[in-house]
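Student: I'd like to ask some things about the structure below.
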Amino acid sequence: MVESPGLPDVNHNLGIIAVEHGRAEAALPLLRSAIELGNDDKPIYFHSLCGALRDLGLFDEARSYARRAVSLFPDDPKILNLAAALETAPWFPSLQGSHAPERQVYMSALVPMLGDGGEPLSVLEVGTFMGASMFTWAQAVERLTGRRAEITCIDPWEDVDAEQYGGGGTGQHLKEGVAHRVFLNTVRLMPERVTVAERRGMSFDVLPTLSGRRFDIIYIDGCHLHPEVLQDIQACDGLLAEGGFICGDDLEAQLHEIDAGIARANARTDFIRDPASGLNYHPGVTLGVGEFFGPVSVFHGFWVMRKGRAGYEPVTMEGGRGVLPYHWPQEYLELARGRIREDGLLAEVL
């Protein structure tokens with residue numbers, strides 16, 4: 001799209017069209033020009049530009065324009081809300097959907113199970129992407145304990161084997177660098193008692209370098225194909241402290257619940273439907289978890305086991321405490337509240 005000199009409304013509208021067609025990067029010069037042509041008297045120009053910048057993970061520039069907008073329109077509620085959100089809240093242009101918030105509530109409930117004192121809590125994430133789950137761990141530490149914590153995040157943050165993404169937007173966000181920029185913004189907003197260690201690379205390269213360390217929680221949400229899931233679990237087994245939790249996402253069906261032969265035939269496919277049970281699931285996750293553990297504790301797709309002296313043990317959530325992931329859209333949080341209430345397991349959800 002070509003800028004129209006002297007026509008800020010035209011440039012703004014063309015920019016909006018570009019954003020709506022998934023071309024936010026192409027929209028930026030159009031949206032900037034609508035402001036810089038000397039017509040900076042319309043709040044919507046700033047709102048549109050800041051939104052496009054935010055979606056691309058360009059937070060510093062978005063905050064700069066938002067502050068400028070606040071100085072021009074100090075009484076505009078939309079501008080004030082946008083500026084406040086850019087300064088204080090994480091933003092994720094790509095979240096998993098309506099199923100994810102309740103999984104993250106159950107994730108958070110693991111944190112207080114490890115006690116409220118002693119050494120800093122040590123969490124390892126395999127597959128951090130934009131940092132949404134990392135932020136949930138941090139909020140659980142901040143709101144449910146008095147401990148300090150370090151979260152070690154493993155992710156290549158770049159374009160990798162596209163077959164694992166099933167045609168979704170994840171691969172595009174990695175290719176364009178958006179995922180890593182959003183992750184860094186999320187790190188900027190972490191609570192004071194939580195520190196983050198970034199380990200950039202593929203899990204099969206990075207995990208061996210952690211030999212000798214022990215983690216209290218290991219969360220596996222990297223490549224969802226087989227045998228990569230199994231290999232991640234095997235590598236993390238030796239890094240988990242006794243009494244700690246190993247867990248992960250996207251276990252919609254356990255191996256004993258579906259046709260294992262069909263799962264193995266589709267081991268390199270991201271997501272399939274089991275013809276017998278009708279379950280939609282990630283065959284790589286089902287195979288990896290099932291082959292290593294057998295049946296596991298699972299809560300709406302979030303799976304977890306605890307490492308005991310004699311091996312791995314199932315985990316109960318009864319009477320536990322968790323936090324809602326308030327960085328998810330409000331409509332998803334309401335669904336999560338209802339599902340957690342129906343489960344009747346957790347005693348308290350903040």
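Student: Semi-axes of the equivalent ellipsoid for the range 18-91, please: Cα gyration tensor eigenvalues, times 5, square-rooted, ordered largest first, whole Å.
Tutor: Computed over the range 18-91, the values are 18, 16, 9 Å.
Student: Go ahead and estimate [θ] at 222 nm for the chain from helices alone: -39,500 (n - 2.57) per DSSP H run with n ≥ 4, summed, over the residue count, rounded to 500. Provide the component values of the computation, followed by the final result.
Tutor: On the way: 14 runs with 154 residues, N = 350.
Rounded to the nearest 500, it is -13500 deg cm²/dmol.
Student: Taking the Cα centre of each part, how many Å lie between the range 104-149 and the range 41-96?
Tutor: 29 Å
Student: Continuing with this model, one more query. Report, to the nearest 10°, how far helix 132-144 tilts away from the longest principal axis of the Cα atoms in the chain, using its own Cα long axis and a range of 0 to 90°.
Tutor: The answer is roughly 70 degrees.
Student: To the nearest 10 degrees, how steeply does helix 8-20 sit against the main Cα axis of the chain, on a 0 to 90 scale?
Tutor: 20 degrees
Student: Taking all protein chains as present, what is the carbon and sulfur share of the accessible area of the chain, in % to the nearest whole number, probe 1.4 Å?
Tutor: 50 percent
Student: Answer with one residue from Ala265, Ser211, Gln254: the one whose Cα lies farthest towards the positive end of the charge dipole of the range 200-272, charges on Cβ with Lys, Arg +1 and Asp, Glu -1.
Tutor: Of Ala265, Ser211, Gln254, it is Ser211.
Student: What accessible area per residue comes out for the chain, rounded to a whole number of Å², with a 1.4 Å probe?
Tutor: Ligands and nucleic acids excluded, the result is 44 Å² per residue.
Student: Report the Cα centroid-to-centroid distance between the range 222-271 and the range 330-350 in angstrom, as an integer.
Tutor: So the two Cα centres are separated by 26 Å.
Student: Going by alpha carbons, how many degrees (0 to 90, nearest 10) lie between the helix axis of 330-343 and the longest principal axis of the chain?
Tutor: 20 degrees
Student: Please give the net charge around Phe59, taking every other residue with its beta carbon less than 10 angstrom from that of Phe59, where Lys and Arg add +1 and Asp and Glu add -1.
Tutor: After counting each charged neighbour, the total is +1.
The values are calculated or read from the model by the stated rules, or taken from the named source; none is laboratory data. Just so it is clear, the structure is predicted and the values come from calculations on it, not from any experiment. Glycine gets a Cβ as well: all are built from the backbone with ideal geometry, and neighbour counts include every protein chain shown. Heavy atoms of the whole protein, side chains included, go into the accessibility calculation; ligands, DNA and RNA do not. Shrake-Rupley method; radii C 1.70, N 1.55, O 1.52, S 1.80 Å.
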